[in-house]
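All remarks here apply to the structure that follows.
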Amino acid sequence: MAGRALLLLSVCLALGACSHKAPQVKPPDPSKTRVDELADKLRSTKVTVRARAAYDLGEMGPEAKSAVLEIANLLSDSSDTVRGYAADALSKMGPAAVNAVPSLASALGDINPIVRGFSAKALAGIGAEAKDALPELIKTLRDPHPTVRGYCATALGEITMAFRTKVPALQRAMHGTDPKARIKAAQELGDIEAQTKVVVSELAQALKDPKAKVRCCVITALGNIGGGARSAVPALTKYLKDPDKWVQRYAADAIMKIDRSAQ
């Protein structure tokens, strides 16, 4: 009798134990993508978490386009480490980072040269749509850090080269039959030429930079602008006799590119 009672108790305990639910692991939210998850971490109170999230988003490149504005917000983060990772991330997204242009232009005045340099690099990658940042880039050509000056020169060349791709089509439009289209094309072409003139003039002055690497960046920028940089050819010619052999080579290549574009 006692044996039967013990057996019954054991069965009841076993059934009772089985009736308890095992701890449930919260499944991931299927509506959240990897970009969403990382974007959430950008708002963490921990510096290391924000910095790592920015880095990981940067490694995703243009695929992280939906997080561009949130990354751009980190350009004003209290941590210069986070600001640096944010600028670096945007520099890896190319034209997809276009919505960050105002923040990147402001970041050119950051106290940290790493942030300034990556911000200029990001603007270069955005291309023509970053032309509103030209005034800030021109100012930063006088940055005390040579690497930043080099990035700014490159950005000025890339942006100007990109928006000048419209020139041939605008020139054709000026000979069209629609008077309104001709006026609009003339106005836009005038704006492009005016902006180009300012950029080329500033780059020509920057050729005097004491650092050979910066002079190479400036020369390359002028070469990339092509025919729009014809006015800088006399200045470039002087650098065919620069003390640095690399500067000489870059100057020769730039003059050749400008001459070909002008034909």
Inset, instruction - On a 0 to 90° scale, report how tilted helix 245-262 is relative to the longest principal axis of the chain, with both axes built from alpha carbons and the result rounded to the nearest 10. - result: 80 degrees
Legend entry - Order of Leu90, Leu57, Leu74 under a 10 Å beta carbon neighbour criterion, fewest first: Leu74, Leu57, Leu90
Inset, instruction - Please compute the net charge surrounding Ala181, taking Lys and Arg as +1 and Asp and Glu as -1 over other residues with Cβ under 15 Å from its Cβ. - result: +3
Inset, instruction - Calculate how steeply helix 47-60 sits against the longest principal axis of the alpha-carbon atoms of the chain, using the helix alpha-carbon long axis, and give the answer as 0 to 90 degrees to the nearest 10. - result: 70 degrees
Inset, instruction - Please work out the Cα center distance from the range 32-84 to the range 92-139, rounded to the nearest Å. - result: 17 Å
Inset, instruction - Describe numerically, in nm with one decimal, the distance between label points set 7 Å from Cα along Cα→Cβ at Ala181 and at Ala262. - result: 3.2 nm
Legend entry - Correct option for volume of the Cα convex hull per residue in Å³ [calculated from the coordinates] among (i) 193; (ii) 112; (iii) 132: (i)
Inset, instruction - With no solvent and one equal point scatterer per Cα, compute the Debye intensity ratio I(q)/I(0) for the range 32-126 at 0.12, 0.19, 0.24 Å⁻¹ and report its log10, rounded to two decimals. - result: -0.28, -0.72, -1.17
Inset, instruction - Note the angle between two axes, namely the Cα long axis of helix 212-225 and the longest principal axis of the Cα atoms of the chain, as a number of degrees from 0 to 90, rounded to the nearest 10. - result: 80 degrees
Inset, instruction - Would you please put 96-106, 188-198 in order of how densely packed they are, using the mean number of other Cβ atoms within 10 angstrom per residue and starting with the highest? - result: 96-106, 188-198
Legend entry - Cross-link pairs Lys131/Lys241; Lys166/Lys257; Lys92/Lys245; Lys65/Lys166; Lys197/Lys238; Lys208/Lys241 - those with Cα-Cα distance over 22 Å: Lys131/Lys241; Lys92/Lys245; Lys65/Lys166
Legend entry - R0 of 51 Å, Cβ-Cβ distance Ile111-Asp191: FRET efficiency to nearest 0.05: 0.90
Inset, instruction - Kindly provide the trypsin sites (Lys or Arg not before Pro) of the range 113-143 that DSSP labels as loop, not H, G, I, E or B, and whose Cβ sees at most 16 other Cβ atoms within 10 Å. - result: Arg142
Inset, instruction - Using label points projected 7 Å from each Cα along Cα→Cβ, tell me how many nm separate Leu240 and Val49, to one decimal. - result: 6.1 nm
Legend entry - J(HN,Hα) series, the range 138-149, from Karplus relation 6.51 cos²θ - 1.76 cosθ + 1.60, nearest Hz, glycine and proline x: 4, 4, 6, 5, 9, 4, x, 9, x, 5, 5, 4
Inset, instruction - For the range 208-263, list log₁₀ I(q)/I(0) at each q in 0.13 Å⁻¹, using the Debye formula over Cα point scatterers of equal strength and ignoring solvent, two decimals each. - result: -0.25
Inset, instruction - Could you give the size of the charge dipole of the range 141-263 about its Cα centre, using +1 on the Cβ of each K and R and -1 on the Cβ of each D and E, expressed in debye and rounded to the nearest 20? - result: 180 debye
Inset, instruction - Within the range 130-156, find all residues whose amide N lies under 19 Å from a label point positioned 7 Å from the Cα of Val198 along Cα-to-beta-carbon. - result: 130-143, 152-156
Legend entry - All-pairs Cα distance distribution in the range 69-182, expressed in whole percent, bin size 10 Å: 16, 43, 23, 11, 6, 1
Inset, instruction - Please work out how much length the chain gains when fully extended from Asp36 to Ser66, using 0.36 nm per residue of separation minus the C-alpha to C-alpha distance, in nm with one decimal. - result: 10.0 nm
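Each reported figure results from applying straightforward, stated rules to the coordinates on display, with no laboratory input. The model shown is predicted, which means the values in this text are computed figures rather than measured ones. As a convention, Cβ positions derive from the backbone with ideal geometry for all residues, glycine included, and neighbour counts pool all protein chains shown.
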